[in-house]
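Q: Quick one: the structure is below, questions incoming.
The values are calculated or read from the model by the stated rules, or taken from the named source; none is laboratory data. Remember, predicted model here, so these are calculated numbers, not experimental data. Quick reminder, even Gly has a Cβ in these numbers, built from the backbone with ideal geometry, and neighbours come from all protein chains shown.
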């Protein structure tokens, strides 16, 4: 098989689907997903792992999500008692995102699950192989992002 025979998009889709099924089968993940919803766990994790203050604009940038979507997500997390928005001294309009104790406990469970799943995925893969894979994966992502910017985001059509 030569390089022209490989189709990156379908392989990534298939891999993403397979990994999603593996993750979804985890009992801890089922619990977390039931409490948080599917994408909110990533947001909780990002806030928990950050070394400084996190604001809505940080989530927009980190996850490539529109302002309105992040706003709705944060409102949902507030309603569930997982996140608080706290005013910042010097700018009453700016709100820092803070996790509640409930969110911190759920994050700890999620981290246990993530570490287990990551170990399964890395099984039999050398550090050199993983580094090469991650480098190629990032380049593919950059190519796709560059093309999206050139074409313009037409998702609103």
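Q: Among helices (runs of 4 or more DSSP H) lying entirely in segment 1-118, which contain 2 or more residues that are under 30 Å from residue 142 (Cβ atoms) and touching a residue at least 40 places away in the same chain (Cβ under 8 Å)? Explain how you work it out, then say what you get.
A: On the way: elements: 8-24, 27-36, 40-49, 56-63, 67-79.
Of the helices (runs of 4 or more DSSP H) lying wholly inside segment 1-118, those with at least 2 residues that are under 30 Å from residue 142 (Cβ atoms) and touching a residue at least 40 places away in the same chain (Cβ under 8 Å) span 8-24, 27-36, 40-49.
Q: A further question on this structure: Could you tell me which numbered condition residue 103 fails, if it satisfies all but one of (1) under 19 Å from the mean Cα position of the chain (by Cα); (2) closer than 17 Å to residue 47 by Cβ; (3) exposed (fewer than 10 other Cβ atoms within 10 Å of the Cβ)?
A: Result: residue 103 passes all but (3).
Q: From the list 68, 64, 76, pick out the single residue that is at pLDDT below 95 and at positive phi. If you could, list the steps in order and put the result at the bottom.
A: Working: 68 fails: at positive phi; 76 fails: at positive phi.
Only one candidate qualifies: 64.
Q: Kindly indicate which of 12, 32, 65 is closer than 24 Å to residue 118 by Cβ and loosely packed, with under 15 Cβ neighbours inside 10 Å.
A: Details: 32 fails: loosely packed, with under 15 Cβ neighbours inside 10 Å; 65 fails: loosely packed, with under 15 Cβ neighbours inside 10 Å.
Exactly one residue qualifies, and that residue is 12.
Q: Return the residue satisfying two criteria in turn: it lies in segment 79-94 and is modelled with pLDDT of 90 or more and surrounded by 13 or more Cβ atoms within 10 Å (Cβ to Cβ), and of such residues it is nearest to residue 56 (Cα to Cα).
A: 85
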